[in-house]
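Colleague: My questions all concern the structure below.
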Amino acid sequence: MDNNQAMNHEDEIEIDVIAILMDLWRKLPLIIVVGIITAALGFGYSSFKLVPMYQSSTSMYVLPRTTDVTTLTATDIQIGSLLTSDYAEIIKSRNVLEKVIEKLELNMSTGALAAEISVNIPEQTRMVYITVKDPSPVNAMKIADAVREISSEVIRDSMNIEAVNVVDTANLPTGKCSPSIPKYTLLGGIAGIFLMCAFFVIRFILNDSIRTPEDIEKSLGLSVLAVVPSNPNIKKSKKNKK
């Protein structure tokens, strides 16, 4: 009894992949249309709804007091790399951010300013890269320079650093870094196509109506002796007689 139930259960959950693919192929025009519509929505959202952001970067080189630039050793570099996380914490500390806001007279909180700043320190180096993203390209450049200047002073005073040398000053962005209109357009199209395919697949699986002779054999266990083909010309001839 249990074996028969298990076999019946296996028959119930059996999925005809080829039939699903054929069903999707028949609905391909509709899927493409929906994909085009969602791609257009992604284009419109990224073009008119999202605020353009501009990115400016600056970098500096941190030199410990006990180290001479001309006599750097592997141990010095290793010790310096251990301090990189400390540099990043100081750069985004409340003390530095408050001074930047005061210097530039920014109308934002320290949390909002911290969200615009990212710090990257490559491994085995003492280079510190500061990147700022802001809706204004001029503000992005000013904030990046101000963060570098103020954080370098705080790092020198609090960590007994000999010098924090400027490698690159902040640049004035000439183009927005985000949002990426092609990216949002592509993601919108992919999302629309995926959702439509998922909808049709689920609807096909949940549809337990009998559509083919094979469905009759699986559902009722009966063999089909004959199949009467559908002739649309018969219906047309009946309408013409009327």
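Colleague: For each pair in Lys49/Lys176; Lys103/Lys133; Lys99/Lys176; Lys49/Lys183; Lys49/Lys133, compute the distance between the two Cα atoms and list the pairs where it is over 25 Å.
Modeller: Lys99/Lys176
Colleague: What's the local net charge at Ser118, with K and R +1, D and E -1, over the other residues with C-beta under 15 Å away?
Modeller: Here the charged neighbours net out to 0.
Colleague: Which of the three applies to the range 106-195, rounded, prolate or oblate, going by the alpha-carbon gyration tensor with a ≥ b ≥ c and a/c under 1.5 meaning rounded?
Modeller: prolate
Colleague: Turning to a different aspect of this structure: Determine ³J(HN,Hα), in whole Hz, for all residues of the range 43-50 in sequence, where each value follows from phi through the Karplus function 6.51 cos²θ - 1.76 cosθ + 1.60 and θ = phi - 60°; x replaces Gly and Pro.
Modeller: 3J(HN,Hα) across the range 43-50, in whole Hz: 5, x, 5, 6, 7, 10, 9, 6.
Colleague: Within 10 Å of each candidate Cβ there may be at most 12 other Cβ atoms; applying that plus a DSSP loop requirement, which GluC sites (Glu not before Pro) in the range 94-189 survive?
Modeller: Glu105, Glu123
Colleague: Based on the Cβ-Cβ distance of Arg203 and Ala115, what FRET efficiency does E = 1/(1 + (r/R0)^6) give at R0 = 45 Å, to the nearest 0.05?
Modeller: For R0 = 45 Å, the calculated efficiency reads 0.60.
Throughout, read-outs are computed from the coordinates displayed, never taken from laboratory work. Computed from a predicted structure; not experimentally measured. So basically every Cβ, Gly included, is an ideal-geometry build from the backbone, and we count neighbours across all protein chains shown.
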